[in-house]
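Heads up, the thing below is written out as structure tokens.
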Amino acid sequence: MPVRREGIPLGRIAGVPVVLAYSWFIIAAFTVIVYGPLLDRQNPALGVSAYIVAFAYALLLLISVLVHELAHALTAKIYGWPTQKIVLNLWGGHTQFESFTATPGRSVLVALAGPAANFVLAAGAWLILTSATMGSVAEILTNIFMWANFLIAVFNVLPGLPLDGGRLVESAVWKATGSQAKGTVAAGWGGRIIVVALCYWFIARPLLAGDAPDFSLLMITVLVGSFLWMGASASIQQGTLRGRLHLVSAAALSTPAAGIPARATVADALQYDGAEDKTLVVCGEGGRPEGVVDAAALSSVPVHAAASTPITAVSYALAPGAYVPEWSKGQELLQFLSQLEGRHYAVVDHNGAVTGLLSQDAVLAAITGKPRRPDTRRQGQNR
């Protein structure tokens, strides 16, 4: 099945892949439609060229966002944080990192590098405007570029995720409590408060005053507010899940189990020492877990046929490699399970002996705090 492309690859900058998402063209079209007529009214001499200038404005915004994200990536590179890619999209853009170990201080520095880069661009544009004589179009674009970068910088330092300023809140709470999860949740709520404040200021306040909100500001507020609310909600969910990672343990979440050779029969299983309260896991060559004995199927075998019925006939297969070390826990266990298929995993000790059976539902219940779904497959020995 062909992999769907995320966007148009623009190459690499400082070794970091840059992708232009197809959704960017939506915000480019919106910019031309909204600002083209506005520029035409303010500068009648431009005529149809006003729409070309508006598109140039969209490109300048794209460059501003790219510099912002590059600042994140290059600062992270100083600390050895690997950057997977930069994606420029409808919402501006984001820098996607691979796995790394963060600290509150470094997290803040990487986050603030983006707004700092935009402040530098805005200052550079201001110096050009105040020291050079330019034509009308160049002056318009330079002025737009200056204000765009200034607003991007100011907006991004607001104290709430997914904005860069949210990392300040996250790191402050993280430093104070020792819990990054609590910091992420607090910063996510900060992002939601920002959305409420924006909606009040640009929509509710004019309505309460008896005025109709400006249409372009209304659309921008709805778009930006939607993006922020989704990002803030995702941050709250991520922080909540991270706060429960300590509950994810292969040893703690598994049910007792014992291994039985694949060459065994049903009679052997019924007489297996210590299996009364344990699930039996079928082990193949080298002791590798290959299946799980189904208690209902086991009990349905007639007594006279028990000695001639192979244990594999009353078992269901585990996915290849579906076994985990009993000491695995937290993020390590989740990453391990993400690479395995199936819903059940044998748990083995340092000697490779089966000690338990872990279900995907048990892990999800531990992470989310939601009740565990009943397993339709009876895995215990009921005798």
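The values are calculated or read from the model by the stated rules, or taken from the named source; none is laboratory data. Computed from a prediction, not measured in an experiment: that's the story for all the values here. In this analysis, Cβ positions are derived from the backbone assuming ideal geometry, glycine residues included, and neighbour counts consider all displayed protein chains.
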Residues of region 120-145 being buried (at least 17 other Cβ atoms within 10 Å of the Cβ) and either within 14 Å of H68 (Cα to Cα) or of a type in the set (S, T, Y) (or both), in sequence order, are L121, A122, T142, F145
Condition first: out of contact with any helix residue (DSSP H, G or I) (no Cβ under 9 Å at 6 or more places or on another chain), at pLDDT below 90 and under 23 Å from A365 (Cα atoms). Can you find one or more residues in region 240-248 that meet it? no
All conditions in (1) out of contact with any Asp or Glu (no Cβ under 6 Å at 6 or more places or on another chain); (2) assigned by TED's automatic domain parsing to the domain that holds G356 are true of A251 except (1)
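Select from region 8-27 the residues that are among the β-branched types (V, I, T) and more than 20 Å from the chain's Cα centre (by Cα) and write down the one among them that is nearest to A76 (Cα to Cα).
Within region 8-27, the subset among the β-branched types (V, I, T) is 8, 13, 16, 18-19, 26-27.
In the following step, the residues that additionally are more than 20 Å from the chain's Cα centre (by Cα) were identified as 8, 13, 26-27.
Working: I8: 24, I13: 14, I26: 30, I27: 28 Å.
So, considering only residues that are among the β-branched types (V, I, T) and more than 20 Å from the chain's Cα centre (by Cα), the one nearest to A76 (Cα to Cα) is I13.
Select from region 214-240 the residues that are in contact with a Ser or Thr (Cβ under 8 Å, 6 or more places away or on another chain) and crowded, with 17+ Cβ neighbours inside 10 Å and write down the one among them that is nearest to G330 (Cα to Cα).
At the first step, the residues of region 214-240 found to be in contact with a Ser or Thr (Cβ under 8 Å, 6 or more places away or on another chain) are 235-236, 238-239.
So of that shortlist, the ones also crowded, with 17+ Cβ neighbours inside 10 Å come out as 235-236, 239.
On the way: S235: 19, I236: 19, G239: 14 Å.
Of everything passing the filter in region 214-240, G239 is nearest to G330 (Cα to Cα).
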Restricting region 288-312 to residues that are surrounded by 14 or more Cβ atoms within 10 Å (Cβ to Cβ) and among the small types (G, A, S), which is nearest to L358 (Cα to Cα)? G291
Of all residues being more than 17 Å from G160 (Cα to Cα) and aliphatic (A, V, I, L, M) in region 184-208, which is surrounded by the most Cβ atoms within 10 Å (Cβ to Cβ)? Just the residue, please. I203
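Pick out the one residue from E332, E326, E276 that is among the charged types (D, E, K, R), at pLDDT below 90 and either farther than 25 Å from A181 by Cβ or in contact with a strand residue (DSSP E or B) (Cβ under 6 Å, 6 or more places away or on another chain) (or both). Walk me through it before giving the result.
Values: E332 fails: either farther than 25 Å from A181 by Cβ or in contact with a strand residue (DSSP E or B) (Cβ under 6 Å, 6 or more places away or on another chain) (or both); E326 fails: at pLDDT below 90.
One residue alone meets the criteria, E276.
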Scan of region 242-257 for residues that are of a type in the set (A, V, I, L, M, F, W, C) and surrounded by fewer than 20 Cβ atoms within 10 Å (Cβ to Cβ), ordered by number: L245, L247, A251, A252
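How about region 259-365: which helices (runs of 4 or more DSSP H) wholly inside it have at least 3 residues that are within 29 Å of the chain's Cα centre (by Cα) and hydrophobic (A, V, I, L, M, F, W, C)?
Details: elements: 266-270, 295-299, 330-338.
By residue number, 330-338.
Is it the case that some residue within region 163-183 is under 30 Å from R41 (Cα atoms), without any contact (Cβ under 8 Å) to a residue 24 or more places away in the chain and crowded, with 18+ Cβ neighbours inside 10 Å? Spell out how you get there, then give the answer.
Within region 163-183, the subset under 30 Å from R41 (Cα atoms) is none.
Looking through region 163-183, none of the residues is under 30 Å from R41 (Cα atoms), without any contact (Cβ under 8 Å) to a residue 24 or more places away in the chain and crowded, with 18+ Cβ neighbours inside 10 Å.
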